[in-house]
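The values are calculated or read from the model by the stated rules, or taken from the named source; none is laboratory data. Given the structure is predicted, the values throughout are model-derived calculations rather than measurements. Don't worry about glycine lacking a Cβ; one is built from the backbone with ideal geometry, like all the others, and counts go over all protein chains shown.
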Amino acid sequence: MVFMLRPRSSPTQWVSTEEYHLSPSLRVTEHTDSFGNLCQRLVAPVGDFEINTSAQVLVSRTAPTTSDAGFVDVSLLPEEVLSFLLPSRYCEADRFGNMAMEIVADKPLGYAQVEAITEWVRENIRYVPLSSTYPISATEVNGRGEGVCRDLAHVAIALCRALCIPARMVVGYLYELEPMDSHAWFEAFVGGQWHTFDPTFAHGLGWRIAVARGRDAADVAVYNQYGPLLLPETMHVAVDRLE
């Protein structure tokens, strides 16, 4: 099994303390994947198996931006950003071109386009917790008209990439999320840097902890397993604000 359960320090979050407990105790190796995510690798034992993690993280509240973060021409994009322009397993960007152009019609290039896409997804794809237990593609979500946070992010990412705006999925935790669980949102590269967008909620971009980033849900799963199917009996997530 390969897990992604450890957040990394970054300019917007600082991991001050962290605990990682396995029962029974097992040998774990850790590596960094091609997207910079911390991955924990182990062989699960026969029988019951538990992982408990906790972390205290100093975070910066991400405020909505109305700056002139403009479109970056593909010829000027950093090489490490180019992969986030391509269609991926759950984000078929090559099938959203006309739709994306209609959504952003008359919008200034760059941040305003991503903002328009985010609002369109929020208004047209209903957020229904627990409505899908496995990832589905952006075209499927658009056809259903509803999904979980991961599904809404897939649609927004596909629309951004269709306009040659790099976009990537982020998974982690959002303070005061209801019902509490892991959460997914996305980042778009405009104005020469990554900006945070959340098509699930309209009440702003509050305190959140990023754990993993990738092209879509296939890159940022909490865990991947290789062998007989194992489904977790329980999973509990808690996010508390510390004074």
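Among all positions in the stretch 53-70, there is no residue which is exposed (fewer than 15 other Cβ atoms within 10 Å of the Cβ), modelled with pLDDT of 95 or more and either among the basic types (K, R) or more than 30 Å from A238 (Cβ to Cβ) (or both). Contact annotation: residue pairs with Cβ atoms under 6 Å, 6 or more positions apart or on different chains, pairing a residue in the stretch 67-85 that is touching a residue at least 12 places away in the same chain (Cβ under 8 Å) with a partner that is assigned to a helix (DSSP H, G or I), are A69/Y111; L85/R161. Considering the stretch 9-21, and only residues there that are closer than 20 Å to G206 by Cβ and not polar (S, T, N, Q), the residue that is modelled with the lowest pLDDT turns out to be P11.
Among the residues of the stretch 198-237, the one identified as under 11 Å from the mean Cα position of the chain (by Cα), part of a strand (DSSP E or B) and among the basic types (K, R) is R213. In summary, strands (runs of 3 or more DSSP E) completely within the stretch 110-197 and bearing 2 or more residues that are in contact with a Gly (Cβ under 8 Å, 6 or more places away or on another chain) and crowded, with 23+ Cβ neighbours inside 10 Å occur at 167-174, 183-190. Kindly indicate whether any position in the stretch 86-98 is within 30 Å of V141 (Cα to Cα), at pLDDT below 95 and basic (K, R). Among the residues of the stretch 86-98, not one is within 30 Å of V141 (Cα to Cα), at pLDDT below 95 and basic (K, R), which makes the answer no. Among the conditions (1) touching a helix residue (DSSP H, G or I) at 6+ places or on another chain (Cβ under 9 Å); (2) buried (at least 18 other Cβ atoms within 10 Å of the Cβ); (3) over 27 Å from V148 (Cβ atoms), the only one that L77 does not satisfy is (2). Contact annotation: residue pairs with Cβ atoms under 8 Å, 6 or more positions apart or on different chains, pairing a residue in the stretch 188-203 that is closer than 19 Å to G70 by Cα with a partner that is assigned to a loop (DSSP other than H, G, I, E, B) and acidic (D, E), are G191/D68. The set of residues in the stretch 187-243 that are of a type in the set (S, T, N, Q) and closer than 18 Å to L5 by Cα comprises N224, Q225, T234.
Under the condition of being in contact with a strand residue (DSSP E or B) (Cβ under 6 Å, 6 or more places away or on another chain) and among the polar types (S, T, N, Q), which residue from the stretch 1-31 is farthest from E79 (Cα to Cα)? That would be S23. Looking across Y20, Y111, one residue alone is in contact with a Lys or Arg (Cβ under 8 Å, 6 or more places away or on another chain) and among the aromatic types (F, W, Y). It is Y20. For the structure I just gave you, tell me whether A202 is out of contact with any strand residue (DSSP E or B) (no Cβ under 6 Å at 6 or more places or on another chain) and at pLDDT below 95. Judged against the criteria, A202 is a match. Residue count for the stretch 114-131 satisfying the condition of being polar (S, T, N, Q) and either free of Cβ contacts under 8 Å to residues at least 60 places away in the same chain or farther than 14 Å from A69 by Cβ (or both): 2. Being in contact with a Ser or Thr (Cβ under 7 Å, 6 or more places away or on another chain), basic (K, R) and either modelled with pLDDT of 90 or more or surrounded by 10 or more Cβ atoms within 10 Å (Cβ to Cβ) (or both) holds for only one residue in R241, R215, and it is R215.
Among the residues of the stretch 171-212, those that are more than 14 Å from V148 (Cα to Cα), in contact with a helix residue (DSSP H, G or I) (Cβ under 8 Å, 6 or more places away or on another chain) and not small (G, A, S) comprise F189, V190, H195, F197.
Out of G36, G47, one residue alone is out of contact with any Leu (no Cβ under 9 Å at 6 or more places or on another chain), exposed (fewer than 11 other Cβ atoms within 10 Å of the Cβ) and at positive phi. It is G47.
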